[in-house]
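S.K.: There's a structure below that I have some questions on.
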Amino acid sequence: GARYTFHLEAMEEDELDVAAVVKLIRDHGMQVGVAIKPGTAVEALSAVVALVDMVLVMTVEPGFGGQKFMPNCMPKVLALRSEYPDLDIQVDGGLGPSTIDAAAAAGANLIVAGSSVFKPGVDRSEPIELMRRSVLKLGQGLSEEEIDRKAKKKRR
């Protein structure tokens, strides 16, 4: 379904409070996500998490592609996963074959990848498959056999 994600930091300059924004989004038939930038503490989400369907942890500063993954953001993902085991947690920024395991192991079950997939000369299916397998294995605890069965079912 449709999902709308807003940056928590943007709310500092808005006259609506977070609950009103969440209601507005839901009134338009969408799920709700909230994003936090690398410098925002995970504790800033404490009053928000119960209202949303997904939290997006930015591991780069938004707006500039090709930045390096900030592994120091992974404790935020781990803290969210520990406290909210059923929450969708997305990670965005610097994700690729060399960084995906850290995000998945911390508890990310949704990822955003740009530069690692969309660059000249790269067979896009390879990094996508590698990252999918990592999220399923490390993020969701599936075995290699379960991952393979899931892939076969999708191809049918």
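S.K.: Quick one: in segment 41-87, which of the residues that are assigned to a helix (DSSP H, G or I) and small (Gly, Ala, Ser) is nearest to Ala20 (Cα to Cα)?
M.R.: Restricting attention to segment 41-87, the residues satisfying the condition of being assigned to a helix (DSSP H, G or I) are 42-45, 49-51, 71-83.
Checking which are small (Gly, Ala, Ser) leaves us with 44, 50, 79, 82.
Numbers: Ala44: 17, Ala50: 14, Ala79: 26, Ser82: 27 Å.
Here the residue is Ala50.
S.K.: On to the next question. Surrounded by fewer than 18 Cβ atoms within 10 Å (Cβ to Cβ), of a type in the set (Asp, Glu) and more than 30 Å from Lys119 (Cα to Cα): does that describe Glu61?
M.R.: On the way: surrounded by fewer than 18 Cβ atoms within 10 Å (Cβ to Cβ): yes; of a type in the set (Asp, Glu): yes; more than 30 Å from Lys119 (Cα to Cα): no.
Against the criterion (surrounded by fewer than 18 Cβ atoms within 10 Å (Cβ to Cβ), of a type in the set (Asp, Glu) and more than 30 Å from Lys119 (Cα to Cα)), Glu61 does not qualify.
S.K.: In segment 88-115, which residues are open to solvent by less than 20 Å² (accessible area, probe 1.4 Å) and outside any helix (DSSP H, G or I)?
M.R.: Of segment 88-115, the ones open to solvent by less than 20 Å² (accessible area, probe 1.4 Å) are 89, 91, 93, 95-96, 100, 103-104, 106-108.
Selection gives Ile89, Val91, Gly93, Leu95, Gly96, Gly107, Ala108.
S.K.: Quick one: which of Val55, Val60 is of a type in the set (A, V, I, L, M, F, W, C) and under 22 Å from Ala2 (Cα atoms)?
M.R.: None of the others qualify; the one that does is Val55.
S.K.: Condition first: surrounded by fewer than 20 Cβ atoms within 10 Å (Cβ to Cβ) and either under 13 Å from the mean Cα position of the chain (by Cα) or modelled with pLDDT under 95 (or both). Now tell me which residues in segment 72-84 satisfy that. It would help to see each step written out before you state the result.
M.R.: The initial filter retains those residues of segment 72-84 that are surrounded by fewer than 20 Cβ atoms within 10 Å (Cβ to Cβ), namely 72, 75, 78-79, 81-84.
Within segment 72-84, Leu78, Arg81 qualify.
The values are calculated or read from the model by the stated rules, or taken from the named source; none is laboratory data. Predicted model, so just to flag it, every value in this text is computed and none were measured. We place every Cβ from the backbone using ideal geometry, glycine too, and count neighbours over all the protein chains shown. The area values use the complete protein model at the heavy-atom level, side chains included, leaving out ligands, DNA and RNA. Shrake-Rupley method; radii C 1.70, N 1.55, O 1.52, S 1.80 Å.
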